[in-house]
Amino acid sequence: MIVKSIRENLGGMWSLLVGLRVTSINFFRPHVTVHYPRQCVPTLEGYRGHIELVPLEKDPLKSKCIACSNCVKICPTSCISLKATKPKKAAVAEGADSPAAKVPSEGKKEAPVKKAKPELQSFVLDYNYCSLCGLCVQSCPTGALEFSDDVYLAGFTRQEFVFDLLARLQRQAQKKEQ
Amino acid sequence: MKLDLRLDTSGDFYAQKFQPTKREDTLILNMGPQHPSTHGVLRILLEIDGEYIVRAEPVLGYIHRMHEKMAEVMSYPQYLPNPARTDYLHALAWGWAHVGAVERLMGLEVPERAEYIRVITCELNRINSHLLWWGAYLLDLGAFTPIMYAFDDREIIMDILQRVTGSRLTYCYYRFGGVSKDIDDRFVAETREQCTRMKERFKMYKDLVTDNYILRQRVEEIGEISVNACRKYGATGPVLRGSGQAYDVRRAEPYSVYDRFDFNIPTYDSCDAMGRYMVRMDEMQESINIIEQALDTLPQGNFIHPKAPKRAKPPAGDVYFAVEGARGKIRMHLVSDGGKSAYRLKLRAPGFSNLSLFGEVSSGTLISDAVSILGSLDLVIPEIDR
């Protein structure tokens, strides 16, 4: 009985020494972590931040968005809201040739208006409610949405996380030009 | 006006309901809802006699978020991010249960490559979940170092998963008919590298923790759960396998391509906290085994069904789908009336059944042992409260 308990205790102490060996080996290994504010991790590839608009190739001030509202409809937390203007009939008539402009007045249902694309006025994302599921990016027919890679996004108020993405796009485009 | 400044000893609704007892020398103690060892907002009412627990009753609902009701309100794709929020540690398995139920009801076929990707990512996520449990459990028992090593490994796996899923914890990766992004050669190479690394790490974990005398004293012959008690409460996962019953949904009701892989179901007959500990440690190795087999036989093809519907609208009917999560059997029972959102979605959280055991197991034990038992059940409170 006594022999058994002594053997058990000695075995237990040996196990502690084995554990100490592991910690001491690791003690002399290089750091695994980084000192965050002074250092940053080299890559955070694939990180999905909040969404942003993709600019048109020919005009970086405008987005690819055609204001179809697919993303608004599919968003689980309805955090996207967009405004688009329907082009005015007069504006279309000015732009189009005069015989084409006459067509709607003859009674056919607004054929030229259908052809004209609605223009995006504002695209607001309330990031407070976003769950980063990526359904909006997937549902976009023109690929006008992408994920940003802003890992260190932080703010003091809730209002800071309501982004006007169209303004952001234009800001980024201007920055690039400079 | 006269203020009554005496201490309110009557307690709230649960405490009052718990109160009546024949003994007068016992004390009612609230453990939680902000107790660090409960890993979330779990409150346990304990009737204690000195250091010994006479009765214990978990009080739930502090983080109830109506996930089942949300399924009735949101359309099917809109519900995709939700399952990940129920169990944030094994988010992919919950997502799989949801997409699997909808796919089964729609009769939607998943491409083979997508099935393999699902298996690989889900198993990686399982390792992640067990690693966090391992670290946190030992933290409960008073060992601080292991959680650092666990997080070292977890970060690497999270980096691997981040590249394909885009997130680090609450993944929303599976879609109806496949996954949202294909894996590339770099993913395969990194996963292989991590698999070989993990095998070395397991040896270190064994030396550092599993063989440790102090740990063994804290977990051996503590919280013995018989197989019958498991059956009575419907406990599944490592809790059931730690009691000697080799039940694993991946083997019992094979879903996806799990029937193609050769893996063991670790079981331990000791029925105690050590048994459950060992099951999880072995399960991580089995997961690595599965991942390596899946990477070897990864087929080419689509990662999502080319005709996968963007707005899923399953026909009327009801369907049931079960997957093996890190904590046990995750089931989803979906009833559809043919509309764009579910008529009713019942989530079965394994943690709920496992927690229900606690009252029976903990009576008669010391408070410090109850902490050990609670940790060995591997509870994730958001999953239990849903």
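At-a-glance table
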item	result
Search result, residues across the stretch B:24-41 that are surrounded by fewer than 19 Cβ atoms within 10 Å (Cβ to Cβ) and in a strand (DSSP E or B)	B:L27, B:I28, B:L29, B:N30
Residues of the stretch A:125-136 classified as within 11 Å of another protein chain (Cβ to nearest Cβ) and either in a loop (DSSP other than H, G, I, E, B) or surrounded by fewer than 18 Cβ atoms within 10 Å (Cβ to Cβ) (or both), total	5
Hey, A:L44 part of a loop (DSSP other than H, G, I, E, B), away from chain B (no Cβ under 12 Å) and aliphatic (A, V, I, L, M) or not	no
One residue from B:A101, B:A97, B:A84 being of a type in the set (A, V, I, L, M) and either under 22 Å from B:R276 (Cβ atoms) or within 14 Å of chain A (Cβ to nearest Cβ) (or both)	B:A84
Odd one out for B:M204 among (1) part of a helix (DSSP H, G or I); (2) under 19 Å from B:H90 (Cα atoms); (3) modelled with pLDDT under 90	(2)
Identity of the residue in the stretch B:42-100, of a type in the set (A, V, I, L, M) and in a strand (DSSP E or B), that ends up farthest from B:P314 (Cα to Cα)	B:I48
Qualifying residues in the stretch A:14-41 (those that are aliphatic (A, V, I, L, M) and in a loop (DSSP other than H, G, I, E, B)) - the one nearest to the other protein chains (Cβ to nearest Cβ)	A:V32
Residues (among the hydrophobic types (A, V, I, L, M, F, W, C) and surrounded by 24 or more Cβ atoms within 10 Å (Cβ to Cβ)) located in the stretch B:98-109	B:V99, B:A101, B:V102
Options B:D140, B:D153: the member that is of a type in the set (D, E), within 14 Å of another protein chain (Cβ to nearest Cβ), within 24 Å of B:R216 (Cβ to Cβ) and out of contact with any Asp or Glu (no Cβ under 9 Å at 6 or more places or on another chain)	B:D153
Residues of the stretch B:244-257 classified as part of a loop (DSSP other than H, G, I, E, B) and either touching a helix residue (DSSP H, G or I) at 6+ places or on another chain (Cβ under 8 Å) or over 28 Å from B:E109 (Cβ atoms) (or both), total	8
Scan of the stretch B:226-243 for residues that are within 18 Å of B:M281 (Cβ to Cβ) and outside any helix (DSSP H, G or I), ordered by number	B:G237, B:G242, B:S243
In the stretch A:63-81, the residues that are in a strand (DSSP E or B) and surrounded by 19 or more Cβ atoms within 10 Å (Cβ to Cβ)	A:S63, A:I80
Among the residues listed as B:E360, B:E383, the single one being assigned to a helix (DSSP H, G or I) and crowded, with 24+ Cβ neighbours inside 10 Å	B:E383
Residue within the stretch B:268-275 that is on the phi < 0 side of the Ramachandran plot and over 20 Å from the mean Cα position of the chain (by Cα) present	yes
Test for B:D378: is it among the acidic types (D, E), buried (at least 23 other Cβ atoms within 10 Å of the Cβ) and under 17 Å from B:Y247 (Cβ atoms)	yes
Test for B:V188: is it part of a helix (DSSP H, G or I) and either in contact with a Ser or Thr (Cβ under 8 Å, 6 or more places away or on another chain) or facing chain A (nearest Cβ under 9 Å) (or both)	no
Test: B:L42 is within 14 Å of chain A (Cβ to nearest Cβ), under 22 Å from B:R348 (Cα atoms) and touching a strand residue (DSSP E or B) at 6+ places or on another chain (Cβ under 8 Å)	no
Conditions (1) touching a residue at least 40 places away in the same chain (Cβ under 8 Å); (2) surrounded by fewer than 21 Cβ atoms within 10 Å (Cβ to Cβ); (3) under 22 Å from the mean Cα position of the chain (by Cα); (4) within 14 Å of chain A (Cβ to nearest Cβ): number failed by B:C172	(2)
B:R218 buried (at least 17 other Cβ atoms within 10 Å of the Cβ), touching a Leu at 6+ places or on another chain (Cβ under 7 Å) and assigned to a helix (DSSP H, G or I)	yes
Of the criteria (1) within 11 Å of chain A (Cβ to nearest Cβ); (2) of a type in the set (S, T, N, Q); (3) surrounded by 18 or more Cβ atoms within 10 Å (Cβ to Cβ), which one B:T145 fails	(3)
Meets criteria (within 14 Å of chain B (Cβ to nearest Cβ), in contact with a helix residue (DSSP H, G or I) (Cβ under 7 Å, 6 or more places away or on another chain), farther than 29 Å from B:R186 by Cβ and modelled with pLDDT of 85 or more) for A:I74	yes
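The values are calculated or read from the model by the stated rules, or taken from the named source; none is laboratory data. None of the values given here were measured: they were computed from a predicted structure. Glycine gets a Cβ as well: all are built from the backbone with ideal geometry, and neighbour counts include every protein chain shown.
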